[in-house]
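Structure, as structure tokens:
The values are calculated or read from the model by the stated rules, or taken from the named source; none is laboratory data. A quick note: this is a predicted structure, and the numbers were derived from the prediction, not measured. Counting neighbours? That spans all protein chains shown, and the Cβs are built from the backbone with ideal geometry, glycine included.
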Amino acid sequence: MLSLNNPVRENYPFLINYFTKGIENENKNVAHCILFYGTDIQAQYDLALEIARMLNCSGDKSPECNCLNCKWIRENQHPAVLTISKVDNKPANDDSKTVISIEQARMIKNDLLVSSDYHRVLIFCDKDKDGNLCGLNEINFQEPTANALLKTFEEPPSRTTFFFLTKDKTDMISTIISRAQCFFVPSMKEEPRDYSLVKDTFDGYLELERNEVLDLNDKIIALVRENDPMEVLVQIQNYMAELLKSNLHNRILKIKLIHDINAVEKAKKELLLNMNINTIIETLCFSLIL
Ligand SMILES: [Zn+2]
């Protein structure tokens, strides 16, 4: 459940800004199918609800707005913002317990035929036996169910957005992946932050000379070719954050690292805007090595 003091806005400013810009665009430039992936499904869910709130707000559009739509969504009681899981929003005669069922898919399809005053948001996810949010996978969200909804995902009624929450893109059926705009949602929990992908490349980067920029550039390009580019950027930030933590007494190094973390943040934003990855990485490298 979202509280008024919403950590999602603080934890994911780049995603919030990205969607705010899309929603404020006069054409409401937001994808119909949005896939979030990462280990923190609750954060993905809260993010989807916050975007649903921004899409439906009939008040002053501020994060604190308390119009009826915003209030309903904060209480997760909005009639047009629905959780779709194996235990939520099933037809009355549906006794399937382990999957989002084909009957459920048909019900959704029929419900969407009726026009709505709201911007409809359907959040596809899973829940464990205690009701905790979990990610979709090929067991709880199977191909026949997805196929029953494929046309709807491709050409949804206006003002309708589907979210798919999953731990890893490889857990999702490919027909959804290919139709969705995918966003990595890094976990902000206090678990040790992973930088295993980038450690070898970045060890000693602070000592690199200007004539070694292209070398660093080539190494990062190789990383983003083999991995998810957003994940690589997040891990670079994790690496820098760890360096920062162990060098808090060193004022000059601290300023340099904060500069670098911001430079990677800029690269993440550019990636969300679908700018050319080679250009993004090159700009980043020149900004890191002064
Ligand atoms: Zn509002």
**Prompt:** Which of the residues spanning region 59-69 are more than 7 Å from the ligand (Cβ to nearest atom) and assigned to a helix (DSSP H, G or I)?
**Reply:** Leu68
**Listing of strands (runs of 3 or more DSSP E) fully contained in region 119-190 that carry 3 or more residues being buried (at least 18 other Cβ atoms within 10 Å of the Cβ), assigned by TED's automatic domain parsing to the domain that holds Phe19 and free of Cβ contacts under 8 Å to residues at least 12 places away in the same chain** = none
**Message:** Kindly evaluate His249 against the criterion of being surrounded by fewer than 16 Cβ atoms within 10 Å (Cβ to Cβ), free of Cβ contacts under 8 Å to residues at least 60 places away in the same chain, on the phi < 0 side of the Ramachandran plot and part of a helix (DSSP H, G or I).
**Reply:** no
**Request:** Restricting attention to region 100-118, report how many residues are surrounded by fewer than 17 Cβ atoms within 10 Å (Cβ to Cβ) and in a loop (DSSP other than H, G, I, E, B).
**Result:** 4
**Asked** Quick one: would you say Asn56 is over 13 Å from Ile123 (Cα atoms), in contact with a strand residue (DSSP E or B) (Cβ under 8 Å, 6 or more places away or on another chain) and either outside the structural domain of Arg179 (by TED's automatic domain parsing) or within 12 Å of the ligand (Cβ to nearest atom) (or both)?
**Response** yes
**In region 38-53, the residues that are away from the ligand (no atom under 16 Å from the Cβ), at pLDDT 95 or above and either assigned to a strand (DSSP E or B) or β-branched (Val, Ile, Thr) (or both)** = Ile41
**Prompt:** Of the numbered conditions (1) more than 12 Å from the ligand (Cβ to nearest atom); (2) touching a residue at least 40 places away in the same chain (Cβ under 8 Å), Pro13 satisfies every one except a single condition; which is it?
**Reply:** (2)
